[in-house]
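Q: What follows is a structure written as structure tokens; I'll ask about it next.
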Amino acid sequence: MLSIINTIALLGIDGTVIEVQVDVSPGIPHWEMVGMLGTSIKESKERISIAIKNSGIKLVGKKISVNLAPAEIRKEGSSFDLAITVGILINLGIIKKDNIQSSIFIGEISYSGNINSVKGVLPMCLTAQSKGFKRVYIPSQNMEEAKLVNDLEIVSVNSIKDLIQKINSNISVDKNINKIDDFKEEYSVDFEEVFGQEKVRRVMEIVAAGKHNCLLIGPPGVGKTMIAKRLITIFPKLTYKEVIEITKINSILGNIRDGNFITKRPFVEVNSNITLASFLGGGRNPMPGAITMANLGILFMDEFAEFSSQKLESLRTILDNKEIKLDRVKSTVIYPCKFVLVAAMNPCPCGYFGDEDRKCICSQNKIKKYISKISGPIVDRMDIQLDVKNIKYSQIYSSKKIEKSADIRKRVEKARRIQELRFKKEEIETNSEMDSNHIKKYCKLGNDENKFLEKLYNKMKFNIRTYNNILKISRTIADLEGKEKIDVSCIAESVQYKIDNKFYKRKCEK
Ligand SMILES: [Zn+2]
């Protein structure tokens, strides 16, 4: 007899329905499984047969055939165990076939017959719901997470015995109703804790408004990390769609334990010791890396020049494509990485080159070598490059009132609304995403502005990418100020945030 059970496989951060076809017939004991399976699924046979035996069910003298369709999708992980088990138990006449209509089964089986939690239950349940399934059977430990999905009957099971009892008694459960429309987004840090640093505060506002990547260069201890951490507090308020996307990624990573949506933008800090797999994602059962954990938030790379050239080079395509393709045997997994990059580095190995108060002890060669690790194409992708200086003692005890994140955020949100209208018919959302055609269309300059920029272009020896970056930043500055046209003051300000030429020149003169 052939029985068909449904389950879900994850492709990146979304799921797809998998049909598990199981046939059990009398014959020489044999178990065959097909359907482009990863090694972890091939191990299912062993787990399931022992679990069934340990649950007091005889499985002798049976020929078992399992096919996971569609065949062109590669299946990885242990979450298919439960569906395969249900298929066998239906064939054995232990589970009532009629009771599993419109149901999805997700879970890993252990040798003892217990059902273990799996990762990614939230995106799997969201897929079940969107594909019109009524009920999902999941491991008890994943219950809190599954409950986040609306309009779905969720049945938690902890063992094969529990599963049989719940299906055969046709246990009734209510549809889950979950409201997160009025979620609160709270952060434990605020820009009002940043003393002085007016220029950096201004730059962070520009970064948040246009989603520009930025490089902070300065000696140790000036607060580069502290500032970057506060950047998420001035990003626009999270939307429902973004909350779901952030929570889905955390579900895949197995980070949801308390059954709450994640209502904070991620701030992910990485240092140069991170492995390539943890940075980009990967592994036998592909998992998202730091760049995907930072999706919709900030990726903070401290001591940028210390990162291996392999990591820095891979960053180029990630910044351009906003997603990563992880190649697997016969398949590819795609994860989103729409983060804003904030990179920080010292100006030289000792950290004090160009410092007004302390002397740099590095040789010119050492500095050149250090700087050359950050290649031109990477620096070019950092729309903003900023020299961060130490604050003066007087600024620490200044009586000047410091603006709160909430107030800065209001201006950022206003600038984002202008961009939303501007790019309504385009495939982009923010100024940082503009290509040269968008720039021609949306950053038109008047006569005076053109002359001003031409002078700078020749004097500072910009390349075309730097020229485009300046226009993008100028556009964001104009948006923050509610100006329809980019004027000379917008250009003059944005040029200040291009320190590369000045920076390299300084190196050469030394
Ligand atoms: Zn130095």
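Q: With θ taken as phi - 60° and the coefficients 6.51, -1.76 and 1.60, list the Karplus ³J(HN,Hα) couplings across the range 242-250 in order, rounded to whole Hz; mark glycine and proline as x.
A: Those phi angles translate into 5, 4, 4, 5, 5, 5, 4, 4, 5 Hz.
Q: Something else about it: Once both axes come from the Cα atoms, what is the angle between helix 44-54 and the longest principal axis of the chain, in degrees from 0 to 90, rounded to 10?
A: Long axis of 44-54 versus the principal axis of the chain: about 50 degrees.
Q: Follow-up. Spelling out what I want: for every residue of the range 134-140, take phi, set θ = phi - 60°, compute 6.51 cos²θ - 1.76 cosθ + 1.60 (Karplus), and round to whole Hz; glycine and proline get x.
A: Couplings: 8, 9, 10, 9, 9, x, 3 Hz.
Q: Where nothing but the Cβ of Lys and Arg (+1) and of Asp and Glu (-1) is charged, how large is the charge dipole of the range 191-427 around its Cα centre, in debye to the nearest 20?
A: On the way: 42 positive and 27 negative charges, 88 e Å.
That gives a dipole near 420 debye.
Q: Now for a separate question. State, as an integer percentage, the relative contact order of the chain based on alpha-carbon contacts under 8 Å between residues 6 or more apart.
A: Taking the mean separation of contacting Cα pairs over the length of the chain, I get 13 percent.
Q: Out of all DSSP beta bridges in the range 2-168, what portion is antiparallel? Express it as a percent rounded to 5.
A: The antiparallel proportion sits near 60 percent.
Q: Quick one: 3J(HN,Hα) in Hz for the range 32-43, Karplus 6.51/-1.76/1.60 with θ = phi - 60°, rounded, Gly and Pro as x.
A: Going residue by residue, I get 10, 9, 9, x, 6, 9, x, 4, 4, 7, 4, 6 Hz, with x marking Gly and Pro.
Q: I'd like the orientation of helix 447-460 relative to the chain: the angle between its Cα long axis and the longest Cα principal axis, in ° from 0 to 90, rounded to 10.
A: The helix 447-460 is inclined about 90 degrees to the chain.
Q: Taking H as built 1.01 Å from N, whose amide H comes closer than 5 Å to the amide H of LEU215, not counting residues under 5 places away?
A: ALA343, ILE384, GLN385, LEU386
Q: Continuing with this model, one more query. Would you grab the residues whose amide H sits under 5 Å from the one on TYR352? Only those 5+ places off in sequence or on another chain, please, with H modelled 1.01 Å from N.
A: Amide H to amide H, under 5 Å and 5 or more residues apart or across chains, TYR352 pairs with ILE361.
Q: Once amide H atoms are placed 1.01 Å from N in the peptide plane, what residues at a sequence separation of 5 or more from GLY15, or on another chain, have their amide H within under 5 Å of its amide H?
A: Residues meeting the criterion, in which the H sits 1.01 Å from N, are THR127.
Q: How about the range 278-386: which GluC sites (Glu not before Pro) there are in a DSSP loop, with at most 12 other Cβ atoms within 10 Å of their Cβ?
A: Sparse-neighbourhood loop GluC sites (Glu not before Pro): GLU356.
Q: Another one. Highest mean first, how do 453-464, 134-145 rank when packing is the count of other Cβ atoms within 10 Å averaged over residues?
A: Values: 453-464: 13.5, 134-145: 21.3.
Taking the mean over residues of other Cβ atoms within 10 Å, the ranking is 134-145, 453-464.
Q: Moving on. Restricting to the chain, what percent of DSSP beta bridges are antiparallel, rounded to 5?
A: Here the antiparallel bridges make up roughly 50 percent for the chain.
Q: What nm value, rounded to one decimal, do you get for the distance between MET460 and ILE361 when each label is placed 7 Å out toward the C-beta?
A: 3.4 nm
Q: Answer with one residue from ILE249, GLY221, VAL268: the one whose Cα lies farthest towards the positive end of the charge dipole of the range 214-270, charges on Cβ with Lys, Arg +1 and Asp, Glu -1.
A: GLY221
Q: Right, something else. Taking a cut-off of 16 Å between Cα atoms, list the lysines near LYS472, but don't count ones fewer than 8 places away on the same chain.
A: The reachable lysines, counting only those whose Cα sits under 16 Å from LYS472, are LYS211, LYS440, LYS441, LYS444, LYS483, LYS485, LYS498.
Q: I would also like to ask the following. Please identify the GluC sites (Glu not before Pro) of the range 13-55 that satisfy two criteria: DSSP loop assignment and at most 14 other Cβ atoms within 10 Å. Which are they?
A: Of the GluC sites (Glu not before Pro), the ones in loops of the range 13-55 whose Cβ has at most 14 other Cβ atoms within 10 Å are GLU43.
Q: Specify the angular offset, from 0 to 90 degrees and rounded to the nearest 10, of the alpha carbon long axis of helix 198-210 from the longest principal axis of the alpha carbons in the chain.
A: The answer is roughly 50 degrees.
Coordinate-derived values only; no laboratory data. Quantities reported herein were computed from a predicted structural model and do not represent experimental measurements. Here the Cβ is made from the backbone with ideal geometry for all residues, glycine too, and neighbour counts use every protein chain on show.
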